[in-house]
Every structure is written in structure tokens, then in C-alpha cells.
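Got a structure here, written out as C-alpha cells. Questions coming.
Only the coordinates and a few stated rules stand behind these numbers; no lab work does. All values derive from a computational prediction rather than experimental measurement. Cβ: placed from backbone, ideal geometry, glycine included. Neighbour counts: every protein chain shown.
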Amino acid sequence: MKQDFKSLYNPSLREQKEQIITKDGTKTLYSKEFDECYHSTNDGALNESLNKHIIPASNLSLHKNSLTILDICYGLGFNTLTTIYYYQKHRPNTKLHIISPELDEGLVKSLKEFEYPKEFEGLKEIIQSVSSDLFYEDSSIRIEVLIGDAREMVKSIDKEIDIIYQDAFSPKKNPALWTREWFLDLKSISSKDLILTTYSSATPVRLAMYESGFNIYTPPKADVRSGTIASLIELDLEPIDMELKKIRNPNAKALVDCDLFYNF
Ligand SMILES: C[S@@+](CC[C@H](N)C(=O)[O-])C[C@H]1O[C@@H](n2cnc3c(N)ncnc32)[C@H](O)[C@@H]1O
């Protein structure tokens with residue numbers, strides 16, 4: 001039976017969003033469709049983006065001066081914009097190509113009006129361009145927002161990805177972007193030394209990554225809730241022994257596509 005991913009979403013609620021102020025003073029939104037905020041209100045939108053995704057991934061890819069980054073998914077664009085803010089400050093000679101799927105075109109189009117933190121003051125031209133044209137390019141940065149279902153979009157990517165920010169809504173609310181089949185698709189477009197960052201530390205998600213061939217690590221300590229770093233090579237980080245986890249918890253199972261249609 002063909003799996004209909006469209007049945008997992010509710011476009012009739014998509015426009016319903018509320019603005020929320022997070023703990024670091026930066027603004028995010030609450031989505032009625034997913035019944036969840038776009039960022040952790042406790043960690044703060046900018047703080048979460050910097051410390052969960054951008055800094056850990058950058059520190060593990062210092063040997064590269066050109067990076068292709070897959071930002072899953074664009075949302076309010078914090079991960080894309082924080083990447084540019086951080087690299088302009090700390091790694092100004094790095095070329096950045098950011099590719100970011102996003103289901104919600106109306107959201108991206110509205111972002112020219114969004115009240116971003118003062119750290120993004122210098123990024124106004126980029127914010128305008130991505131919001132209007134879903135695209136931005138200059139001599140060192142290229143941003144492409146791909147409107148549509150990320151499950152389909154990743155299949156059309158023909159670039160080797162160096163970094164993935166895995167930042168969908170939670171596995172409970174947005175399960176199609178956390179399954180073994182999803183991570184296998186991500187692996188197929190990854191460079192051999194890919195770094196994946198995510199806020200999720202759920203065992204079914206870690207097993208889905210592990211069973212797709214990723215090594216699983218605890219992120220370095222930072223001022224945000226812990227998550228996971230995954231990689232296709234060995235990293236100098238604290239590894240998580242997934243075989244031991246399976247022995248200790250024989251009922252633990254990787255999240256797989258057929259769970260979305262039969263158990264949820
Ligand atoms: C947690 S938010 C991302 C926050 C974003 N990284 C930021 O920094 O603002 C999750 C995003 O995933 C999008 N999304 C959910 N399922 C998707 C899918 N199947 N394909 C593309 N985008 C999807 C939602 O519309 C939402 O914008």
C-alpha cells in the first residue's frame with residue numbers, strides 16, 4: 001500500500017500561529033497545526049539555534065572552508081540566519097550553501113515582517129530576499145528554500161551535504177521526519193564526514209539513526225537541553241552504545257515509516 005504522507009498534515013490549521021517570547025528574549029511562534037512552538041521556550045530561539053546546532057556543527061567541521069548545509073526545516077529561518085551571523089563573525093572565509101525544505105510557504109513569505117533579534121540586524125537584505133524569492137546569493141552565501149514535503153525534496157538534492165540541522169517539530173507531532181527511512185534518505189546525500197545535530201534524544205529516534213548507519217554521540221555540554229549528534233565517522237565525543245541500549249531495553253524500537261500509518 002502506498003503511504004500517503006499528506007494525510008499526516010492539516011493545512012486548514014496552517015495559518016494559525018501565535019507569537020511567543022522565549023527565555024532569551026527572542027521571539028518564536030506557536031503552531032496550531034502541530035500544537036507546538038518552533039523553538040524551545042526555555043532555551044530561547046537564538047540560544048537554542050546557536051548552542052544546539054550552529055556551534056557544535058561548526059566546531060566539528062573546522063577543516064572545511066566550504067560547507068553545504070541542509071536545514072530541516074526552514075521554519076522561521078533561525079538556523080539559517082544564525083549560521084550566517086556566526087560564520088560572518090568567526091569563520092568569514094567559509095563559503096556557505098544552505099538548502100532548506102519547508103512545507104509552509106505562507107510562513108516563509110511572512111518572515112520579512114518578523115521581529116528577529118538584534119543580532120540579525122545586518123542580515124536584512126538576506127531576510128527580505130529569502131522571504132520574497134525563497135532564494136539569496138552573494139559571493140560567499142547561497143540559500144535555497146525548497147517549498148514542499150521534505151520527504152520528497154531531499155530526493156531531488158544532488159549535492160553532498162556536510163552538515164544537517166535536524167530540527168523538525170517533535171517526533172510525536174512530526175513523525176515522518178524522524179524515521180529510519182528518512183535518515184536513510186539523509187544518509188544517501190551525506191558526505192562521508194557529515195555532522196547531524198538535533199535536539200531529540202529519544203531512543204526510537206536514536207535507533208532510527210543508528211540502524212541507518214549513523215554513530216550516535218552526546219553533544220558537548222552547553223547551555224541548552226541535551227540532544228544528539230550523529231555522524232557517519234567516529235568523532236571525538238562521548239559515544240552512546242546503542243547495542244547496549246537494545247540489550248538493556250529489548251522493547252525499544254526504531255521509529256519506522258509503517259508506524260506512522262498503523263500505530264499513530
Ligand atoms: C520546529 S520548526 C523549524 C524551526 C526552524 N529550524 C527555525 O529555526 O526557525 C519545524 C518546521 O518544519 C516544517 N515541516 C514539518 N513537516 C515538514 C515536511 N514534511 N516537509 C517540510 N517542512 C516540514 C514546519 O512547517 C516547520 O516550519
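Could you go through region 60-75 and let me know if any residue there is part of a loop (DSSP other than H, G, I, E, B), closer than 12 Å to Val224 by Cβ and within 12 Å of the ligand (Cβ to nearest atom).
No: zero hits.
Quick check on region 41-51: of everything there that is within 10 Å of the ligand (Cβ to nearest atom) and not small (Gly, Ala, Ser), which residue is surrounded by the fewest Cβ atoms within 10 Å (Cβ to Cβ)?
Residue satisfying both the conditions and the ranking: Leu46.
Might you check whether a residue that is over 24 Å from His39 (Cβ atoms), out of contact with any helix residue (DSSP H, G or I) (no Cβ under 8 Å at 6 or more places or on another chain) and not charged (D, E, K, R) occurs anywhere in region 239-246?
Yes, because at least one residue in region 239-246 is over 24 Å from His39 (Cβ atoms), out of contact with any helix residue (DSSP H, G or I) (no Cβ under 8 Å at 6 or more places or on another chain) and not charged (D, E, K, R).
Yes or no: region 147-161 includes at least one residue that is over 20 Å from the mean Cα position of the chain (by Cα), loosely packed, with under 14 Cβ neighbours inside 10 Å and more than 13 Å from the ligand (Cβ to nearest atom).
no
Tell me which strands (runs of 3 or more DSSP E) are completely within region 124-240 and hold 2 or more residues being touching a residue at least 24 places away in the same chain (Cβ under 8 Å) and more than 25 Å from His63 (Cβ to Cβ), or say none if there are none.
141-147
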